[in-house]
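All remarks here apply to the structure that follows.
The values are calculated or read from the model by the stated rules, or taken from the named source; none is laboratory data. Owing to the predicted nature of the structure, the values given are computational and were not obtained by experimental measurement. Note that we place each Cβ from the backbone using ideal geometry, even for glycine, and neighbour counts take in every protein chain shown. Note: areas computed on protein heavy atoms with side chains; ligands, DNA, RNA excluded. Shrake-Rupley method; radii C 1.70, N 1.55, O 1.52, S 1.80 Å.
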Amino acid sequence: MTNSLPTSGQLERTLSQRIQALYRNQVGHRLDRVICRIVDQKILIILENAVTPAEQLLANSGKEDLAEEIHSHLNEAIRPQVIELIEEIVGVSVVDLLSDAKLETERTGMIVMLENVPRMGDRPINQKAS
């Protein structure tokens, strides 16, 4: 009998692809790259090129505070959809999602705290989070 559970790599790739599609569809902006890593009860996510052209224009025009505020509002607006997507893919409830962005590097980082360790084909079922 083969193991039908996805591996951590498969879950990470699916998360990356679906988050990238979510931002493209909801924000109208194409991220260059989305990196996801599952570490026990946490998921680390990095969004590359996460600053929209409008935010970049504001930042370049000396309105960095406004650009950061808009970016923050966009992230808050999409947050429930990101949480729903993560829960759907990993099959575990999200307890918390922490997020921060740097306009200078155009990156957004997220730390997602999960209720339990996701079940994965490359991890023993009885493994506990440290």
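Residues in the range 112-130 that are at pLDDT 90 or above and either touching a Lys or Arg at 6+ places or on another chain (Cβ under 8 Å) or part of a strand (DSSP E or B) (or both): VAL112, MET113, LEU114, VAL117.
Annotation note: of GLU104, GLU76, GLU68, the sole residue that is over 18 Å from ALA21 (Cβ atoms) and in contact (Cβ under 8 Å) with a residue 12 or more places away in the chain is GLU68. Listed by position, the helices (runs of 4 or more DSSP H) contained in the range 1-111 that have at least 3 residues being open to solvent by 30 Å² or more (accessible area, probe 1.4 Å) and modelled with pLDDT of 95 or more are 8-27, 64-90.
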